[in-house]
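I have placed the structure first, in the form of structure tokens, so that the comments after it can refer back to it.
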Amino acid sequence: DIHASGSHLLSLINDLLDISSIEAGGAELAIERLDLGELLQEVHALAAPIAAAAGLRFVLEAPDEPLVARADRRRVVQIMLNLVSNAAKYNRTGSLVRLSCTARGRDIRVEVEDDGAGVAAADVGRLFTPFDRLGQQNRARVDGTGLGLALSKRLVESMGGQIGYEAPAQGARFWFTLPAAPRPRPARGKAEKSE
């Protein structure tokens with residue numbers, strides 16, 4: 001119990017420090033080119049035990065082509081793991097969690113969707129509010145700090161993206177976007193140089 005309480009407290013402190021650092025403009029980001037298809041596979045492997053422990057099938061829909069974004073690798077993994085963890089924790093009535101990404105104009109959109117009960121329409125506006133653990137009074141105690149979505153929002157925005165929630169026919173769909181990396185210019189051939 002002491003170890004679990006200490007871990008929970010450390011997680012809370014780290015989340016608070018991350019949010020404070022971002023709001024003060026001091027968050028250090030290591031922006032680089034990221035192949036999000038490869039990163040999704042890594043997150044799928046990391047989060048598979050979380051979904052399995054919740055009795056859920058964890059589906060990865062890998063993109064058909066390389067989708068390269070400009071973002072901080074560690075932070076993107078942190079955001080994805082948070083969204084998948086939330087989907088596993090709060091999906092009490094469904095059977096799966098889905099992770100995918102697609103190109104959307106100049107952005108790449110990552111989605112985490114589940115087939116559970118979803119979020120009540122009246123609560124959607126409070127989703128990204130720090131410490132606001134929606135619906136907690138109506139379900140069995142779920143571990144967490146109430147900072148995951150607020151922190152994810154600030155991290156996504158600090159990398160030039162957006163984050164949001166949509167209600168599909170059943171369940172919940174959280175998404176975030178990251179700027180697509182410009183395609184490398186092809187090397188100019190000798191014929192082009194000697195016009």
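Are any residues in segment 95-116 more than 11 Å from Val59 (Cα to Cα) and either in a loop (DSSP other than H, G, I, E, B) or in contact with a Phe, Trp or Tyr (Cβ under 7 Å, 6 or more places away or on another chain) (or both), and if so, which ones?
Looking only at segment 95-116, we keep the residues that are more than 11 Å from Val59 (Cα to Cα), and these are 101-111, 115-116.
Hits for segment 95-116 are Gly105, Arg106, Arg109, Val110, Glu111, Asp115, Gly116.
Consider Asp1 carefully, then state whether it is of a type in the set (Asp, Glu), touching a Lys or Arg at 6+ places or on another chain (Cβ under 9 Å) and modelled with pLDDT under 90.
Working: of a type in the set (Asp, Glu): yes; touching a Lys or Arg at 6+ places or on another chain (Cβ under 9 Å): no; modelled with pLDDT under 90: yes.
For Asp1, the condition - of a type in the set (Asp, Glu), touching a Lys or Arg at 6+ places or on another chain (Cβ under 9 Å) and modelled with pLDDT under 90 - is not met.
In the set Val156, Val124, Val142, which member is β-branched (Val, Ile, Thr), at pLDDT below 80, under 24 Å from Met80 (Cβ atoms) and open to solvent by less than 60 Å² (accessible area, probe 1.4 Å)? Outline the logic, then answer.
Working: Val156 fails: at pLDDT below 80; Val124 fails: at pLDDT below 80.
Within the list Val156, Val124, Val142, the selection yields Val142.
Can you find a residue in segment 91-112 that is more than 30 Å from Arg183 (Cβ to Cβ), out of contact with any strand residue (DSSP E or B) (no Cβ under 7 Å at 6 or more places or on another chain) and either of a type in the set (Ser, Thr, Tyr) or surrounded by fewer than 22 Cβ atoms within 10 Å (Cβ to Cβ) (or both)?
To start, the set of residues in segment 91-112 that are more than 30 Å from Arg183 (Cβ to Cβ) comprises 91-97.
From the residues that got through so far, the ones that are out of contact with any strand residue (DSSP E or B) (no Cβ under 7 Å at 6 or more places or on another chain) too are 92-93.
With either of a type in the set (Ser, Thr, Tyr) or surrounded by fewer than 22 Cβ atoms within 10 Å (Cβ to Cβ) (or both) added as a condition, the list becomes 92-93.
Checked against the condition, which is being more than 30 Å from Arg183 (Cβ to Cβ), out of contact with any strand residue (DSSP E or B) (no Cβ under 7 Å at 6 or more places or on another chain) and either of a type in the set (Ser, Thr, Tyr) or surrounded by fewer than 22 Cβ atoms within 10 Å (Cβ to Cβ) (or both), segment 91-112 yields at least one hit.
Starting from residues that are among the acidic types (Asp, Glu) and under 16 Å from Tyr165 (Cβ atoms), keep the ones in segment 73-124 and report whichever is farthest from the chain's Cα centre (by Cα). Give the steps one after another, and end with the answer.
Kept after step one, since they are among the acidic types (Asp, Glu), are these residues of segment 73-124: 107, 111, 113-115, 123.
Imposing the further condition that a residue be under 16 Å from Tyr165 (Cβ atoms) reduces the set to 111, 113-115, 123.
Values: Glu111: 8, Glu113: 11, Asp114: 13, Asp115: 17, Asp123: 20 Å.
Among those that are among the acidic types (Asp, Glu) and under 16 Å from Tyr165 (Cβ atoms), it is Asp123.
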Would you point out which residue out of Ile50, Ile79 is open to solvent by less than 20 Å² (accessible area, probe 1.4 Å), more than 12 Å from Asp114 (Cα to Cα) and not charged (D, E, K, R)? Ile79
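The values are calculated or read from the model by the stated rules, or taken from the named source; none is laboratory data. Given the structure is predicted, the values throughout are model-derived calculations rather than measurements. For neighbour counting, all protein chains shown are included, and Cβ atoms are generated from backbone atoms with ideal geometry for every residue, glycine included. Heavy atoms of the whole protein, side chains included, go into the accessibility calculation; ligands, DNA and RNA do not. Shrake-Rupley method; radii C 1.70, N 1.55, O 1.52, S 1.80 Å.
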